[in-house]
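Since the structure comes first, as structure tokens, the remarks are kept for the end.
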Amino acid sequence: MSDKFWEMVSEAARDEAEAVEFYRRMANAAPCRALNHSIEEIRRDEMDHQAFFESLLCCREELGRSDCRDRGAERIVHGRPLRIPEVHEPYPPIRVECPNPEYARLLLDDYAGMVSEMTAINQYLFHHYDMPEEFAEVTELLEGVAIVEMHHMEILAELIKLLGQPPMYMDGQGRFWDASYVSYLPGHPCEQLQSDIDAEQAAIQTYRQHIELIDDRYIRAILARIIKDEELHLRLFAQAFQRHCRC
Ligand SMILES: [Fe+2]
Ligand SMILES: [Fe+2]
């Protein structure tokens, strides 16, 4: 294919990324929940388009690995290669302004509630175990993302402790984490990937709500940084879905 075409693909990917960011700001500024919801729907479509163009670029044989660097550097773990997707930005220091049981309850929901890091880790690992051979790239991606979610869980555990609560595997209402929170879908890799996309979208939405509810600048900064990881996961899952489930 011509250079002109690939220039256009790059331009399309950039334009879509800008549109995604624009619709995110527009959704946040929406005067009511219904409008916010509709604009979020449009934003998700744009993310789909962005993922498609980025996946084209990443799959282009002539491109170096650096163009796919969000997928993470390859490391050797337990004798086999593992790629951990990374946002190239450090995490803010883990601290809180002062202990606060109400904020601890909100973070317990993110930690081990129904939509939580604990659920994400177990769901991605189960999908990692269950994916068929022809989804090897997705299998590896799921493991790498699960490891990042473990890091999020550790950060939340530290924060919950600083806020004055033990980080037990329960939500803010004291309900223990339950393995039924996982969307298993055995033998259905595309449905599994779709449910992983849904999980990332739900996590982003919940973290944004909690940023609104938590008046502590340190916690807000940490949750905002975690959201950047979740947005990367969402993009990588969406790209994988484009490659494996839409062809
Ligand atoms: Fe996470
Ligand atoms: Fe995530």
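Assorted remarks:
- Low-density loop cleavage sites - trypsin sites (Lys or Arg not before Pro) in region 103-184, where at most 15 other Cβ are within 10 Å (DSSP): Arg175
- Gained length - Phe5 relative to Tyr218, 0.36 nm times residue gap less alpha-carbon distance: 72.2 nm
- Computed over the chain, relative contact order equals 23 percent, with contacts defined as Cα pairs under 8 Å that lie 6+ residues apart.
- Under 18 Å from the Glu97 label point (7 Å along Cα→beta-carbon), backbone N, region 220-247: 220-225
- Amide H to amide H distances under 5 Å link Val77 with Leu82, where only residues 5 or more positions off or on other chains count and H is placed in the peptide plane.
- Listed residues Tyr218, Leu193, Met153: farthest to the positive end of the dipole of region 74-245 (Cβ charges): Tyr218
- Here r is the Cβ-Cβ distance between Tyr184 and Arg225 and R0 is 25 Å; the resulting FRET efficiency, rounded to 0.05, is 0.25.
- A straight chain from Glu137 to Arg25 at 0.36 nm per residue would run longer than the Cα-Cα distance by 37.1 nm.
- Sorting the segments 181-189, 138-146 by their residues' average number of neighbouring beta-carbon atoms within 10 angstrom, most packed first, yields 138-146, 181-189.
- Region 3-63, relative contact order in percent, only Cα pairs under 8 angstrom and at least six apart counted: 44
- For region 130-198, the alpha carbon convex hull comes to 99 Å³ per residue, rounded to a whole number.
- For the chain, the membrane-span-like helix rule (DSSP H, alpha carbon extent of at least 27 Å along the helix axis, mean Kyte-Doolittle at least 0.0) picks out 136-162; this says nothing about an actual membrane.
- Cα gyration tensor, the chain - rounded (a/c under 1.5), prolate or oblate: prolate
- Taking region 190-247 and dividing mean pair separation by its residue count, relative contact order in percent (alpha carbons under 8 Å, at least six apart): 50
- Residues Met170, Met47 in ascending order of nearby Cβ atoms (within 10 Å, fewest first): Met170, Met47.
- Theoretical gain in end-to-end length, Val77 to Ala34 [0.36 nm per residue, Cα-Cα removed]: 10.9 nm
- Computed helical MRE - 222 nm, the chain, DSSP H runs ≥ 4 contributing -39500 (n - 2.57), nearest 500: -23000 deg cm²/dmol
- Gaussian network model of the chain, springs between alpha carbon atoms under 10 Å - residue of Ser38, Ser55, Ser116 with greatest fluctuation: Ser38
- Of the two radii for region 88-162, the radius of gyration is 1.10 times the Kirkwood radius, both from the alpha carbons; that is the Rg over Rh value.
Just so you know, all these numbers are worked out from the coordinates, no wet-lab data involved. Quick caveat, the model's predicted, so the values are computed rather than measured. Quick reminder, even Gly has a Cβ in these numbers, built from the backbone with ideal geometry, and neighbours come from all protein chains shown.
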